[in-house]
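Contents: one structure, followed by commentary.
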Amino acid sequence: MTINILFAAKAERWTGYEAPLTRALTDALPGREFKLATDLPPEEVDYIVYAPNSDLQDFAPYTRAKAVLNLWAGVEAITGNETLKIPLARMVDFGLTQGMVEWVTGHVLRYHLGLDIDITRRDAKWEPRDQPLARERGVTIFGLGALGQAVAEALVGLGFDVSGWSRSQKAVEGVRCLHGDTGLTEALQRADIAVLLMPDTPATQNVINAETLAQMPKGAFIINPGRGPLIDDDALLAALDSGQIAHATLDVFRVEPLPDDHPYWAHPRVTVTPHIAAATRNGTASEVIAENIRRSEAGEPLLHLVDRDRGY
């Protein structure tokens, strides 16, 4: 029987995915017939390759479908859809993970080494300064999922004093793993540099607020490539103005693109990047999707299955 796979995403996504996803499916399903298309009768669809900003929002007609395979790492835009009753898998992709590791590491080193001092210098002052070693700099990763763990391991490899915080207990070699409400205070106090990699759920929204910012070391740095709603924007701006937070690099925002009149654009202690920290790579993402379809057809559990109650 032919496996019918619906690609439900914007047209530009299809242009980039059609060839690599076809190749990946051919390799993953040797001898099996499949049909990959952007328009299939709902009652004939076996799998839905999905971007949450697609036009497909009602899953009820897809009575034969076995799983929805998300093209994005974030699933907050779909987990609350009451018409979605079948398994949902999020994207965990080597290319995306490696991109995140490289982007975060670059900004951690930027802050650790004080590179902005020299890059923005506009006078002829020769001012040598002592540089601390990585082991003297506390970096806390807030969120120890696949991305957070990969980033933590990379920073441990560079010698940083790395802590990680998550809702439930985790274990990552070389990382001081803290969890729950009791561990949050210590995680904040150790965060000379804070990296936000938590999902967007009701439990994580505004986790960086006036109270938590005050618990960080004075002059700390914040890097947010995770989700915009993790930060109370007004509280962060106030902390930047007071010097409690020295600088923030923000890649994600509550509204994207970031509005032209948003205070972040003009603030001298904020670096805005346009949601570029970790892009899904079509080739490697296609391999993840094809592997999950292979696993489903073989009766094996799906990779990266979403827990609807937790929202990730």
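The values are calculated or read from the model by the stated rules, or taken from the named source; none is laboratory data. All values derive from a computational prediction rather than experimental measurement. Reconstructed Cβ throughout: ideal geometry from the backbone, glycine too, with neighbour counts over all protein chains shown.
Mind listing whichever residues of the stretch 101-151 are in a helix (DSSP H, G or I), in contact with a Gly (Cβ under 8 Å, 6 or more places away or on another chain) and farther than 21 Å from residue 279 by Cβ?
134, 135
Determine whether the stretch 290-300 contains at least one residue that is under 18 Å from residue 195 (Cα atoms) and surrounded by 19 or more Cβ atoms within 10 Å (Cβ to Cβ).
To start, the set of residues in the stretch 290-300 that are under 18 Å from residue 195 (Cα atoms) comprises none.
For the stretch 290-300, residues under 18 Å from residue 195 (Cα atoms) and surrounded by 19 or more Cβ atoms within 10 Å (Cβ to Cβ): absent.
From 85, 170, grab the single residue that is on the phi < 0 side of the Ramachandran plot, in contact with a Cys (Cβ under 9 Å, 6 or more places away or on another chain) and either modelled with pLDDT of 95 or more or of a type in the set (Val, Ile, Thr) (or both). Lay out the reasoning, then the answer.
Working: 85 fails: in contact with a Cys (Cβ under 9 Å, 6 or more places away or on another chain).
When all the criteria are applied, what remains is 170.
Just for strands (runs of 3 or more DSSP E) wholly inside the stretch 1-51: which have at least 2 residues that are under 17 Å from residue 70 (Cα atoms) and within 27 Å of the chain's Cα centre (by Cα)? Steps first, answer last, please.
Details: elements: 3-8, 34-37, 47-50.
By residue number, 3-8, 47-50.
Just the residues that are in a loop (DSSP other than H, G, I, E, B) and either basic (Lys, Arg) or in contact with a strand residue (DSSP E or B) (Cβ under 6 Å, 6 or more places away or on another chain) (or both), please, taken from the stretch 291-312.
302, 304, 306, 308, 310
Looking at the stretch 182-198, which of its residues are over 14 Å from residue 166 (Cβ atoms), surrounded by fewer than 23 Cβ atoms within 10 Å (Cβ to Cβ) and not acidic (Asp, Glu)?
The answer is 185, 189, 190.
Please indicate, with yes or no, whether at least one residue in the stretch 88-107 is more than 26 Å from the chain's Cα centre (by Cα), surrounded by fewer than 21 Cβ atoms within 10 Å (Cβ to Cβ) and not charged (D, E, K, R).
Scanning the stretch 88-107, I find no residue that is more than 26 Å from the chain's Cα centre (by Cα), surrounded by fewer than 21 Cβ atoms within 10 Å (Cβ to Cβ) and not charged (D, E, K, R), so the answer is no.
Given the criterion without any contact (Cβ under 8 Å) to a residue 60 or more places away in the chain and within 30 Å of residue 113 (Cβ to Cβ), identify the matching residue among 251, 261, 241.
241
For residue 75, indicate whether it is within 20 Å of residue 278 (Cα to Cα), among the aliphatic types (A, V, I, L, M) and not in a helix (DSSP H, G or I).
Working: within 20 Å of residue 278 (Cα to Cα): yes; among the aliphatic types (A, V, I, L, M): yes; not in a helix (DSSP H, G or I): yes.
So residue 75 fits the description; yes.
When the residues of the stretch 264-274 are filtered to those that are within 23 Å of the chain's Cα centre (by Cα) and without any contact (Cβ under 8 Å) to a residue 24 or more places away in the chain, which remaining residue is nearest to residue 74 (Cα to Cα)?
Within the stretch 264-274, the match that is nearest to residue 74 (Cα to Cα) is 274.
Residues of the stretch 52-72 being small (Gly, Ala, Ser) and assigned to a loop (DSSP other than H, G, I, E, B), which ones?
The answer is 54, 60, 65.
Among the numbered conditions (1) surrounded by 22 or more Cβ atoms within 10 Å (Cβ to Cβ); (2) touching a residue at least 60 places away in the same chain (Cβ under 8 Å), tell me where residue 6 comes up short.
Among (1) surrounded by 22 or more Cβ atoms within 10 Å (Cβ to Cβ); (2) touching a residue at least 60 places away in the same chain (Cβ under 8 Å), the lone unmet condition for residue 6 is (2).
Sort through 33, 43 and tell me the only one that's touching a residue at least 12 places away in the same chain (Cβ under 8 Å), of a type in the set (Asp, Glu), loosely packed, with under 13 Cβ neighbours inside 10 Å and touching a Phe, Trp or Tyr at 6+ places or on another chain (Cβ under 9 Å).
Numbers: 33 fails: touching a Phe, Trp or Tyr at 6+ places or on another chain (Cβ under 9 Å).
Only one candidate qualifies: 43.
On the basis of being surrounded by fewer than 22 Cβ atoms within 10 Å (Cβ to Cβ), assigned by TED's automatic domain parsing to the domain that holds residue 115 and free of Cβ contacts under 8 Å to residues at least 40 places away in the same chain, does residue 201 make the cut?
Taking the combined requirement at face value, the residue does not satisfy it.
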